[in-house]
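Report on the following structure.
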Amino acid sequence: MSSLEKNKKYCDVIASQVKLTCKPVAMKLIQSEDEVPEGYELISEKVRHCEMVRKASLGEKFYSTVEEQMCLGGAGAIGLRDMPEKLANGEKYFSLGRFKDLETAKSLTSKLSIVEDEHWGMIYAPLDEADFEADVIQIITEPVGGMKLAQSIVYATGEKINPSFAGIQSLCGDAFANPYIEDGINFTLGCDGSRKAADIKDNEMTIGISAAKIEEVINGLESI
């Protein structure tokens, strides 16, 4: 079965069992332009990673290098550049009034999920049009969809789910970097940036599923 056929099957199963508000999104980190599949063009505007996810969820497919990434924190989290120093050391979030002191801000930012290996670019596509094996699949859904996905995970594992999020760097750190690094699954409630820039709705959350776990999730959805 080709990558496209697999991804179409995944999408059909997810859509039949989960209350989707848009299409699941497939993403893949690449090391050079040679890895861009045929039919994918460089995104024509400079926007944030979370906005790129939203565009793909609404049917667009494209690729991006670091030059097209407007949010430097997002680009750092997904592995297209180093994390900006003032984000990494907590100064930025402390200056925004998000923490009681700089030490607390630094404590949190030191725990954020970041892809350490630097890559050349990222491919984005709706899952049912992705003719590549995704590193991570993101599903934007209402909480009831998150519940269904949680049930599909515990079906095989028998273990409770322990999401990792902080209301900061959600679609980049929580829903891409975390599952990518951990070969796992993560749930996130969004962040100010993704809700404002990428129009993640008040009643939406995001789940990131790694390549290592997608079959387990699909099997669970088909079984429960």
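Here is what passes the span test in the chain: the DSSP H helices with alpha carbon length of 18 Å or more along the helix axis and a Kyte-Doolittle mean of -1.0 or above are 3-17, 143-157.
Remark: region 16-116 is approximated by an ellipsoid whose semi-axes, taken from the C-alpha gyration tensor as √(5λ), come to 30, 18, 12 Å, largest first.
Residue pairs exceeding 20 angstrom between C-alpha atoms, taken from 55/201; 148/213; 28/61; 28/148: 28/148. Look at where the Cα atoms of region 177-213 and of region 1-59 average out, and the two centres are 14 Å apart. Expressed as a whole percent, the accessible surface of the chain that belongs to carbon and sulfur atoms is 47, based on a 1.4 Å probe.
Per the Kirkwood definition applied to all pairs of different Cα atoms, how many angstroms is the hydrodynamic radius of region 107-176? Before the final figure, lay out each step's value.
On the way: mean 1/r = 0.0680 Å⁻¹.
Kirkwood radius, region 107-176: 14.7 Å.
Give me the 1.4 Å probe accessible area per residue for the chain, excluding ligands and nucleic acids, in Å².
Details: 10650 Å² over 224 residues.
Ligands and nucleic acids excluded, the figure is 48 Å² per residue.
Note on the chain: semi-axes of the ellipsoid equivalent to its C-alpha gyration tensor, largest first and rounded to whole Å, are 26, 22, 15.
Just the projected area, averaged over all directions, of the convex hull on the alpha carbon atoms of region 120-224: how many nm²? Mind showing how you got there, number by number?
Values: hull surface 28.1 nm².
Over all viewing directions, region 120-224 projects a mean Cα-hull area of 7.0 nm².
Can you tell me how region 62-187 classifies by the Cα gyration tensor, rounded, prolate or oblate, using a/c under 1.5 as the rounded cut? In terms of gyration-tensor shape, oblate. The Cα atoms of region 1-48 define a convex hull whose projected area, averaged across directions, is 5.1 nm².
The values are calculated or read from the model by the stated rules, or taken from the named source; none is laboratory data. Since we're looking at a predicted model, the values are computed, not measured. We work out accessible area using only protein heavy atoms, side chains counted, and drop any ligands, DNA or RNA first. Shrake-Rupley method; radii C 1.70, N 1.55, O 1.52, S 1.80 Å.
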